[in-house]
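Coordinate-derived values only; no laboratory data. Quantities reported herein were computed from a predicted structural model and do not represent experimental measurements. Methodologically, a virtual Cβ is constructed for each residue, glycine included, from the backbone with ideal geometry; neighbour enumeration extends over all protein chains shown.
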């Protein structure tokens, strides 16, 4: 088995075990598993000679995982910052590919999808702003960052699966925002939200690596 496959297998194993522990309270094991499941993908990106921006984005997301696996507002803010940086690096990665063409955002179906993203961003801002409390500023700043990453993915040719992975990444963020700021502690969706977030999020990171490696 090659080193690349070892890293893929290790990342997948960590992701699967973390999925089984997604709901319990924070702990060292959960932090290690969550961080390693994406950090190993970043190492795989470096090993196979994938774009360095991909490895950087994956590394930033792994750092965000480490912070968000811990309790406290400080850890949450650090995690948001790391993920915002990761989204921005992904956007730069997409826009700097030879096949990237921003004109696709003004053509069908890109223009329609871009308008949907804009409407979704405005709706999220209006819905989350009164519920985010002291975190209102960072939450509102994060929305255009994640949607900008999705728009950047639209500049690449259709059929590459990049936009599908970007959609999974954006959806995981939206579900996490709903879980954090909207759903009550007793809401039944809280039972499945952590699993949905993790499957969409890790699947997106693995998808990006598969496409660009």
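If you take the alpha carbon radius of gyration of the stretch 81-185 and divide it by 2.2 N^0.38 Å, what ratio comes out, to two decimals?
Details: Rg = 14.3 Å, N = 105, 2.2 N^0.38 = 12.9 Å.
With N residues counted in the stretch 81-185, Rg over 2.2 N^0.38 Å equals 1.11.
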Calculate the spin-label point distance for residue 96 paired with residue 13, positioning each point 7 Å from the Cα along the beta-carbon direction, and give it in nanometres.
3.4 nm
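Quick one: if the Förster radius is 25 Å, what FRET efficiency do residue 120 and residue 73 give, using the C-beta to C-beta distance and rounding to 0.05? Don't skip to the end; give the middle numbers.
Working: r = 26 Å, r/R0 = 1.05.
Once the sixth-power term is evaluated, E becomes 0.40.
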Roughly how far apart, in whole Å, are the Cα centres of the stretch 137-162 and the stretch 1-73?
21 Å
If r is the Cβ-Cβ distance from residue 210 to residue 21 and R0 is 25 Å, what FRET efficiency results, to the nearest 0.05?
0.50
Estimated inter-spin distance, residue 185 and residue 6, nm [label 7 Å along Cα→Cβ]:
4.6 nm
Give me 160, 155 sorted ascending by neighbouring Cβ count inside 10 Å, so fewest comes first.
160, 155
